[in-house]
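The values are calculated or read from the model by the stated rules, or taken from the named source; none is laboratory data. Everything quoted here is computed from the prediction, not taken from an experiment. Cβ sites come from the backbone with ideal geometry, for glycine too, and all protein chains shown count toward neighbours. Only protein heavy atoms, including side chains, enter the accessible area calculation; ligands, DNA and RNA are left aside. Shrake-Rupley method; radii C 1.70, N 1.55, O 1.52, S 1.80 Å.
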Amino acid sequence: MYTATVFLPLLGAIIAGFFGRRIGDLGAQVVTCALVGLPLLFSIVIFVQVIGGGHTESVRLFTWFVSGDVEVAWSLRFDALTAVMLIVVNGVSFLVHVYSVGYMHGDGSIPRFQSYLSFFTFAMLMLVTADNLVQLYFGWEGVGLASYLLIGFWYDRPSAVAAAIKAFIVNRIGDFGFGLGIFATFVLFDSVNYDVIFAAAPDKAGAMFHIFGLDANAITACCLLLFVGAMGKSAQFILHTWLPDAMEGPTPVSALIHAATMVTAGVFMVARMSPLFEYSETALTVVTVVGAVTAFFAATVGCVQNDIKRVVAYSTCSQLGYMFFAIGVSAYQAGIFHLFTHAFFKALLFLGAGSVIHAMSGEQDMRKMGGIWRKVKMTYAVMLIGSIALAGIPPFAGYWSKDTILEAAWSAGTDVGRFAYWLGILAAFMTAFYSWRLLILTFHGKPRADHHVMEHVHESPWVMMVPLLVLAAGAVLAGWIGHAWFVGEGMDGFWSKSILLLKGHDALRDLEKVPSIVSWLPTLVALAGIWLAYHLYVRRPELPAWLAEEFRPIYLFMLNKWYFDELYDFFLVRPAFAIGRGFWKGGDAGVIDGLGPDGLAAVTRGFARRFSLLQSGYLYHYAFAMLIGIAAFVTWYVLRVG
């Protein structure tokens, strides 16, 4: 059962990918849905067994490779952290597979799409069940490859191809740091196995790396390099630019990869490596600051975006920031709790956005929507539920996890914790604002679409609505059900040894000491954000345009995503192209080709051209040449004999 949970999606990917033409579209959909649905059932059983037993299950498959004294096995690790991720990955993946049956109807490459989805699921399962860093890296790169294939699925669209390449390259930057982190960890611990690393971490707390004439704390160096990988995969500040462009992929891809699974890989990895991060205050501080800045930055951008999927994408980026600064204050459990609840309401919002796009005949610009809620009441209801959960309004799921994170940041009692708290509060206000802005612009007011589109607005088929209803139930209940286990009185028994904390890192244990205003402020600012959106877009709809014109530099700064793409293009992309063009024109064409094949060819052509001049066509020219030749030969002979 444990092995099947991981490998059945791979089997589905192979069948749909290689035999899709034989079994047809429906066959590919049935096979892939079944071979992800069955692992979901297994995941529930594994969750009960692991959590109930309070221990770690390990399944060794075979020895992967041996190099000298280093042996890396292919093993599957099942503990509380893995059990939670199995529920999230298989649960969301199964619902997305089912949703895709309706959403992708009529597409010409359904088997290929279903195969990519299942392959991504397998790679993500391999990542979360890894028992060592090398196997983790295998899954890590697998989800990167799958995301490239899925984002660029419609490869006939230049924008989709560009987005896929951008996601691949930006992730390679993070993955380079991640790879260096694995190398550094191996150098320090002489092993890549989790258990060996975690057991030896206390003894290595004071170890140093001497490199480039500098001394650096070894564990801090390892953690920071590993975190660079997490920044790329989880779209954190500076390495976030790929995530919004990834919306070029089909909407089910956005829900699967960019809401609940791939982008949370970085959060999972840092939580998995908690026994290492706990010995580096510097690394935890960096994680906290990056997470807090990301939460704030992405929220500011989300407030002014007009593409419905981009609003939800920046919301994802912001919520990932919350998860990271929770981890940075050693509230790993709260970060994973938010990962768990976020999976429900963010997948709900992405798939709900897909239902809206389906209803609006492919339109994604919210400025061309409005006034459709009566025609798509069920979609409107689930989007409303997802927005309430995202805004953190009690008793919906987001309230339980997000407020726990903010309280833990304050409870940490550090300057960096308070910094994260206040940026988180500002982000909570903006989150509620852009959530309700999305709802109002999309569903309320006067219709802004043309008459033809409005005539065809319709509710999505049931194969798309059932996954939305399941996710809506999770967005309502997941926080209330999971609170006691994840961060409440049952926390210690639930997590067992899958997350380790040092003494003194008690942010979650001191929540009752937090002042009441600290606990209530997130909800109050969320309500204020909802009121502001209602005031601006319902009561005074002329105000947003006036504000955008009055504060145009700020508006353009946020609309253009703080100009990160332009900065990267100016400082990195253009110089890289200039260097490449120089090597191409000057090095390859000028030197290598000029002195090599092109040079030889030019010399040969020159000689041939000169010799061709001798071919005049006149007989006396040829007779004269023969006489000259004979004379030269006789002269050479006489001189040689003489």
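List of remarks:
- Multiplying the residue separation of residue 107 and residue 23 by 0.36 nm and removing their Cα-Cα distance gives an extension gain of 28.6 nm.
- Packing-based order for 375-381, 314-320, 417-423, using average beta carbon neighbours within 10 Å, highest first: 314-320, 417-423, 375-381
- Computed extension length for residue 637-residue 306: 109.9 nm, one decimal, from 0.36 nm per residue of separation with the Cα-Cα distance subtracted.
- Per residue solvent-accessible surface (Å²) - the chain, probe of 1.4 Å: 43 Å²
- Acute angle (nearest 10 degrees) that the helix 462-486 long axis makes with the longest principal axis of the chain, alpha-carbon atoms: 60 degrees
- Assuming charge only on the beta carbon of Lys and Arg (+1) and of Asp and Glu (-1), the dipole of region 488-545 about its Cα centre is about 160 debye to the nearest 20.
- Charge dipole (the chain, unit charges on Cβ, about Cα centre) - positive-most of 43, 570, 584: 584
- Ellipticity estimate at 222 nm from DSSP helix runs (n ≥ 4, -39,500 (n - 2.57)) divided over the chain, nearest 500: -23000 deg cm²/dmol
- Across the accessible surface of the chain, with the other protein chains kept in place and a 1.4 Å probe, carbon and sulfur atoms take up 68 percent.
- Taking the Cα centre of the chain as origin and assigning +1 to Lys and Arg Cβ atoms and -1 to Asp and Glu Cβ atoms, the resulting dipole is close to 1620 debye.
- With at most 13 other Cβ atoms within 10 Å, longest stretch of the chain clear of loop GluC sites (Glu not before Pro) (DSSP): 1-488
- Label-to-label distance for residue 502 and residue 365 is 5.4 nm, based on points extended 7 Å past Cα in the beta-carbon direction.
- On Cα atoms only, tilt of 597-612 relative to the major axis of the chain in degrees: 30 degrees
- Distance between region 395-440 and region 305-367 - C-alpha centres, whole angstrom: 14 Å
- Distance from the Cα centroid of region 376-390 to that of region 491-507 is 35 Å (rounded to whole angstrom).
- Farthest toward the positive end of the dipole of region 156-262, out of 236, 216, 189, is the Cα of 236, where the dipole comes from beta carbon charges about the Cα centre.
- Computed from the C-beta positions of residue 196 and residue 509, the FRET efficiency with R₀ = 35 Å rounds to 0.75.
- With Cα atoms, 0 to 90° folded angle of helix 516-534 axis to the chain main axis: 70 degrees
- FRET efficiency, 1/(1 + (r/R0)^6) with R0 56 Å, evaluated for residue 604 and residue 57 via beta carbons: 0.20
- Accessible surface, 1.4 Å probe, highest first, among residues 60, 22: 22, 60
- Cα gyration tensor, region 1-101 - rounded (a/c under 1.5), prolate or oblate: oblate
- Projected label distance in nm at residue 622 and residue 377, using a 7 Å step from Cα toward the beta-carbon: 10.0 nm
- Tail fraction, Cα-Cα pairs, region 330-471, threshold 19 Å, whole percent: 55 percent
- Cα centroid separation - region 195-236 against region 107-160, whole Å: 28 Å
- Here the chain was treated as a single set of alpha-carbon atoms; its pair distances binned every 20 Å from 0 give 18, 48, 21, 6, 5, 2 percent.
- Taking 0.36 nm per residue of sequence separation and removing the Cα-Cα distance, the residue 159/residue 538 pair yields an extension gain of 133.0 nm.
- Evaluated with a Cβ-only charge set (Lys, Arg +1; Asp, Glu -1), region 146-240 carries a dipole of roughly 400 debye about its Cα centre, given to the nearest 20.
- The heavy atoms of residue 410 offer some 50 square angstrom of accessible surface to a 1.4 angstrom probe.
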